[in-house]
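Below: the structure, in structure tokens.
The values are calculated or read from the model by the stated rules, or taken from the named source; none is laboratory data. Note that this is a predicted model, so its numbers are computed, not measured. Note: ideal-geometry Cβ built from the backbone for every residue, glycine included; neighbour counts use all protein chains shown.
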Amino acid sequence: MINKLPWLTPQIMDSRQQLQAGKLPHGLLLVGRPGDGLHQMGEHLANTILCGKAEAPCGQCKACQLFLAGTHPDYRLLEPEGKSETIKIEPIRAMSAFMSGTAQQGGARVVRLRSAERMNTSAANALLKVLEEPGRDSFLILESESLSRLLPTVRSRCRIIKLAVPDQNKANAYLEGEAIAPAERPLRLIMSEGAPLTAAALDSSAMSRWREQAEAFSSQGRMTELAAFLAKQPARDALQQLLLWVDESIRCRYTGAVKLVDQDKLLVDRLKQPPLTSLFRFRDYILEIEDSLNRQANLNQQLWSEQLAARWLELTG
């Protein structure tokens, strides 16, 4: 899989060279988007460390075979759990005991911590002890979409690797390799903010909802009707699309060019009239709702849909 992500090759080679020179730090913090290969990069690094061959991962040795089968005794993968999708202190404590032990295969021990920004405070503080006192030949790979949501003390104890973002040519080449029809690629990349793995994974229902929302915001002139439509949509998808229109409109004020296509472009054109200050206020309001949803706040979707619809219609006249 990682071979299909050539934009990550320089960082992969750099990490491999550090490992071979014995200079790879015990704490690695990968920062990027899952749609650009964040989790594939973490998995590849874990496999590389456990393989230990000159051209790791070789895919043939016992360590690689165990890793690929998901049964390597010196490897652990931690992820958010439960409805709250948080990482709590108990798994971190268990990880600490694992990393301070002895490797069963005689090599390294590796832990991957996906969505590290979802650690609660207790878990993050417990992680500090692991980073400050790593076991011999142990490696901790943190994967995060948001550097700012991690404690500064955690960030300062890791080597930060910011994943490269593929340009449009590489993103299109990836979609071509995934047999995505050329006519679908522009919309898929718009919906995924240019992240090719996300773009390739979109299903037809998601693309239909995107088009339906664009049509609803173009044609609905009554607050009650637009709010009723919004209240039935997946909240995060609807907010993402709205935010894209606003951000593209703001960018367009400075560059004069619109990257979007079809109905989305028409909606960006409608946002050219309001003052920039009004656009930024509307953007802040969208982000407030998103933040509340991320914090699992018990929001009344009908209520915020009405407020959002009213603000949109006021903004676009």
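Below is a table of values for the structure above.
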read-out: Selection from the stretch 118-172 of residues that are among the acidic types (Asp, Glu) and either closer than 29 Å to Ala103 by Cβ or out of contact with any Lys or Arg (no Cβ under 9 Å at 6 or more places or on another chain) (or both); value: Glu132, Glu133, Asp137, Glu143, Asp167
read-out: Whichever residue in the stretch 232-268 is assigned to a helix (DSSP H, G or I) and of a type in the set (Lys, Arg) and, among such residues, is nearest to Ser218 (Cα to Cα); value: Lys265
read-out: Options Leu230, Leu243: the member that is at pLDDT 90 or above and either touching a Ser or Thr at 6+ places or on another chain (Cβ under 8 Å) or in the same structural domain as Leu189 (by TED's automatic domain parsing) (or both); value: Leu230
read-out: Condition met for Ala63 (in a helix (DSSP H, G or I) and over 22 Å from Ala164 (Cβ atoms)); value: yes
read-out: Members of the stretch 111-133 that are touching a strand residue (DSSP E or B) at 6+ places or on another chain (Cβ under 7 Å) and of a type outside the set (Gly, Ala, Ser); value: Val111, Arg112, Leu113, Arg114, Glu117, Arg118, Met119, Asn120, Leu127, Val130, Leu131
read-out: Selection within the stretch 269-284 - without any contact (Cβ under 8 Å) to a residue 24 or more places away in the chain and either assigned to a loop (DSSP other than H, G, I, E, B) or in contact with a helix residue (DSSP H, G or I) (Cβ under 8 Å, 6 or more places away or on another chain) (or both); value: Lys272, Pro275
read-out: Filter pass, Glu43 being under 19 Å from Ser144 (Cβ atoms), of a type in the set (Asp, Glu) and in contact (Cβ under 8 Å) with a residue 60 or more places away in the chain; value: yes
read-out: Whichever residue in the stretch 129-146 is assigned to a helix (DSSP H, G or I) and surrounded by 16 or more Cβ atoms within 10 Å (Cβ to Cβ) and, among such residues, is modelled with the lowest pLDDT; value: Val130
read-out: Filter result for the condition that a residue is of a type outside the set (A, V, I, L, M) and either under 26 Å from Ser192 (Cα atoms) or surrounded by fewer than 13 Cβ atoms within 10 Å (Cβ to Cβ) (or both), over Lys83, Lys88, Lys53; value: Lys83
read-out: Residue in the stretch 300-317 that is surrounded by the fewest Cβ atoms within 10 Å (Cβ to Cβ), counting only those that are hydrophobic (A, V, I, L, M, F, W, C) and touching a residue at least 40 places away in the same chain (Cβ under 8 Å); value: Ala310
read-out: Any hit, the stretch 71-80, residues being surrounded by 21 or more Cβ atoms within 10 Å (Cβ to Cβ), modelled with pLDDT of 90 or more and part of a loop (DSSP other than H, G, I, E, B); value: yes
